[in-house]
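Data block below; observations after.
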Amino acid sequence: MVGALRAFYWEIKMSIMGTIRYRFGVFSDIIVFSALLSAFLLSDSGKSYGSVYNYSNYKELLVIGYMAWMYAVSSISSISQIISGELRGGTFYKKYNSKYPLQLLLLGRLLASLLIESVVMIVLLLLAKLGWNVEVTFHPLIILAIIISTIGMYGIGMVVAGMTIFYKNVRSVIFLIQMGLLFVTDTLPVAEGILSISKIIPLTSCNLIIKYILAGQSYSHEFVLLCITAAGFLALGVLCFSCYLKKARKKGNLLFY
């Protein structure tokens, strides 16, 4: 148990140290996400939120939803990128043959990615405040909803990670998922018909909970749905990841890129 926790800690530490050493990736994330958020704020993309949720500060709803989306896409893409890099470098076999669970080691890398993503978000919050005077309120239950949503979206990340092991290059799939989530999960205003279907995605319930809390509306039903869908997606992700591992091992391409 102690050894597993130590391995988990070192995965986090090594990932953060690597990011500090190669800082350009963080700077590019700040530029890209800042530009995207600025475009949404300039175009008043979330203006309809004011009437839908009866809340005057619609830009706050947009900014917090955008943050939840960033955590979600990070939990989906980070593990796939890590596995892809280690497959290319020929080091994935070390993790695979470790005496500690592969999922635990990958979870450590995910946590490091989310911590780094939090730094990017602090910059975006400052940009929203200084550029558009957007005051963002973080209720404890909003933070909890984002955490639960991120865990659920990690299940999708596990599916994509399994696909990476078997198919090797799935970058286009990741991009489509990221953009799709942006437009169907109420991160940006979406039609009611689409929203009713996308509620099976944890991020959608998370975004609705955020808006209901800030607008002073009831959110208990959505919170229950969030917990159920997050648990379901996580279980599905673990199952699919294991299946792809077995398929890759059977095919003989597990450790090759």
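Checking the stretch 4-27 against the condition returns a match, with at least one residue being farther than 27 Å from Gly237 by Cα, exposed (fewer than 12 other Cβ atoms within 10 Å of the Cβ), at pLDDT 90 or above and under 20 Å from the mean Cα position of the chain (by Cα).
Restricting the search to the stretch 56-105, which residues are among the β-branched types (Val, Ile, Thr) and within 23 Å of the chain's Cα centre (by Cα)? Within the stretch 56-105, Val63, Ile64, Val73, Ile76, Ile79, Ile82, Ile83 meet the criteria. Can you name every residue in the stretch 35-79 that is touching a residue at least 40 places away in the same chain (Cβ under 8 Å) and of a type in the set (Phe, Trp, Tyr)? Phe40, Tyr49, Tyr53, Tyr55, Tyr66, Trp69, Tyr71 - these are the residues of the stretch 35-79 that are touching a residue at least 40 places away in the same chain (Cβ under 8 Å) and of a type in the set (Phe, Trp, Tyr).
Against the numbered list (1) modelled with pLDDT of 95 or more; (2) farther than 24 Å from Lys246 by Cβ; (3) surrounded by 16 or more Cβ atoms within 10 Å (Cβ to Cβ); (4) not charged (D, E, K, R), Ile156 comes up short only at (2). Pairs linking a residue in the stretch 20-34 that is under 13 Å from Met121 (Cα atoms) to a residue that is in a helix (DSSP H, G or I) and modelled with pLDDT under 90, with Cβ atoms under 8 Å and 6 or more positions apart or on different chains, are Val26/Thr19.
For every residue, the table says whether it meets (1) of a type outside the set (Gly, Ala, Ser); (2) under 26 Å from His139 (Cα atoms); (3) at pLDDT below 95; (4) out of contact with any Phe, Trp or Tyr (no Cβ under 7 Å at 6 or more places or on another chain).
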{"site": "Ser172", "(1), (2), (3), (4)": "no, no, yes, yes"}
{"site": "Asp186", "(1), (2), (3), (4)": "yes, yes, no, yes"}
{"site": "Ile197", "(1), (2), (3), (4)": "yes, no, no, yes"}
{"site": "Ile200", "(1), (2), (3), (4)": "yes, yes, no, yes"}
{"site": "Ile213", "(1), (2), (3), (4)": "yes, yes, no, no"}
{"site": "Val224", "(1), (2), (3), (4)": "yes, yes, no, yes"}
{"site": "Ala231", "(1), (2), (3), (4)": "no, yes, no, yes"}
{"site": "Phe256", "(1), (2), (3), (4)": "yes, no, yes, yes"}
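Residue by residue through the stretch 31-49, note down the ones that are buried (at least 16 other Cβ atoms within 10 Å of the Cβ), assigned to a helix (DSSP H, G or I) and either over 14 Å from the mean Cα position of the chain (by Cα) or among the aliphatic types (A, V, I, L, M) (or both). Across the stretch 31-49, the qualifying residues are Ser34, Leu37, Phe40, Leu41, Tyr49.
Counted as qualifying within the stretch 154-257 are the helices (runs of 4 or more DSSP H) with 3 or more residues that are touching a residue at least 24 places away in the same chain (Cβ under 8 Å), namely 171-184, 202-214, 220-251.
Every condition in (1) modelled with pLDDT of 95 or more; (2) in contact with a helix residue (DSSP H, G or I) (Cβ under 9 Å, 6 or more places away or on another chain); (3) more than 23 Å from Ile31 (Cα to Cα) holds for Pro140 except the one numbered (2).
The values are calculated or read from the model by the stated rules, or taken from the named source; none is laboratory data. Everything numeric here is computed off the predicted structure, so don't read it as measured data. With ideal geometry, Cβ positions are generated from the backbone for all residues, glycine too; neighbour counts draw on all protein chains shown.
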